[in-house]
């Protein structure tokens, strides 16, 4: 395969733990006997749903006493007001002393204050009676009852249960100080590109290795490093409408959205391990095998991210490396089987290397793999796999058209499963010089409009390059911009490139 630099997705992974976005303790607010539990332990409850009922009789009696006291104070206030009404005109005529008037005014004000105090006692008694019915404060998953029916509840044992809100679910994870510093340094140097406003998407992997279908966003980062662990706490929120996630689960957290511009991504089996580290085999300009040390980074799907050691447009040997030695002439053989490796970028054609004597055919193979035409009159050096027949005839079904190539999220890596389909299209175009195809790239609904347009363009370029390597000519390939860069259907169906026959 021909290695071409691309914006390789970087997906750092951390260990996290789920946490309810709102976990509320349910406590008794008055002292008394617990009469009944009216919910099913462990069930999902709704806000306002009754969970417990306490014995109401003492509180009903207290409310009646408060109402009686209020009526008594209101009667006293009525008498005081009537007395004041009689005293005022007599005092104005000097029939009564000023002291009698002052006493009457004071009695009326005292009675009015007593009425307000009695009203407060009634309100307090009504609240205490209402607290006998204990309801769920939020919608969520209930825990078991910590006290059983008939238990006496007071301040010392007021906790009855708790309710945990499940949607959304929080996920807490930590970054080490070294990881944070390396992240900042790579971003400053430009070798790491982050999404605008650090708007990472968050994907979690469950304990069985399955990927949780919903994705979330980062919502919180702590103000300081932990003095105990030296790590930096980060929190994300994940939609959890079905309630699949429960508080306390250990999960793996992936941050999606960062890329490494100008990176090389190559199949896993192309990277060897030696005494001095990782290395790969290349085809040099003379058609001979060259061994070169590389610095590997993280994984991109099933492929290696190469940080150092490769240059653009070099011919990488993917298969057939066991018999190689430095300087041995090789012949490049095109592989179109479904098991072919996924390419790191646009050129998706994989290649095997086979030791062969004589430099003429090896040079032709290297030139074809590097995108340079072989000498005039020479037979094509890129051949079918061993045991296959000639590939000059166009495949059935009009060369596999129309063809659809599906891509992973935020990826421009050509999938392995679509290599055979594109090979059929390329063979059809090579056998029919008048045939033309239109190539249109799409994305899903994630990301900004500018980034999506660029991503769709890169995916279309990947398919175009694969067809060129497979034998199609440039004039047969038409890059067609879509009316809307967002593809139709689900997100999986939207991340695609369509190849259709063009006039």
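The values are calculated or read from the model by the stated rules, or taken from the named source; none is laboratory data. In this text, all values refer to a predicted model and were calculated from it rather than measured experimentally. Don't worry about glycine lacking a Cβ; one is built from the backbone with ideal geometry, like all the others, and counts go over all protein chains shown.
Structure values in brief
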quantity: Residues satisfying the stated conditions in the stretch 416-437, i.e. surrounded by 16 or more Cβ atoms within 10 Å (Cβ to Cβ) and outside any helix (DSSP H, G or I); calculated: 435, 436, 437
quantity: Check on residue 162, farther than 16 Å from residue 21 by Cα and either outside the structural domain of residue 237 (by TED's automatic domain parsing) or touching a strand residue (DSSP E or B) at 6+ places or on another chain (Cβ under 9 Å) (or both); calculated: no
quantity: Of all residues in the stretch 179-204 being modelled with pLDDT of 90 or more and within 14 Å of residue 10 (Cα to Cα), the one that is farthest from the chain's Cα centre (by Cα); calculated: 200
quantity: Residues being in contact (Cβ under 8 Å) with a residue 60 or more places away in the chain and either within 21 Å of the chain's Cα centre (by Cα) or part of a loop (DSSP other than H, G, I, E, B) (or both) - total across the stretch 147-178; calculated: 18
quantity: Residue 76 touching a strand residue (DSSP E or B) at 6+ places or on another chain (Cβ under 9 Å), surrounded by 13 or more Cβ atoms within 10 Å (Cβ to Cβ) and farther than 30 Å from residue 236 by Cα; calculated: no
quantity: Number of positions in the stretch 266-287 that are on the phi < 0 side of the Ramachandran plot and either free of Cβ contacts under 8 Å to residues at least 40 places away in the same chain or in a helix (DSSP H, G or I) (or both); calculated: 12
quantity: Test set (1) assigned by TED's automatic domain parsing to the domain that holds residue 180; (2) over 29 Å from residue 180 (Cα atoms) - residue 16 fails condition number; calculated: (2)
quantity: Condition met for residue 353 (over 27 Å from residue 261 (Cα atoms), at pLDDT 75 or above, in a strand (DSSP E or B) and out of contact with any helix residue (DSSP H, G or I) (no Cβ under 7 Å at 6 or more places or on another chain)); calculated: no
quantity: Selection count, the stretch 97-117, where residues are more than 30 Å from residue 129 (Cβ to Cβ) and surrounded by 17 or more Cβ atoms within 10 Å (Cβ to Cβ); calculated: 3
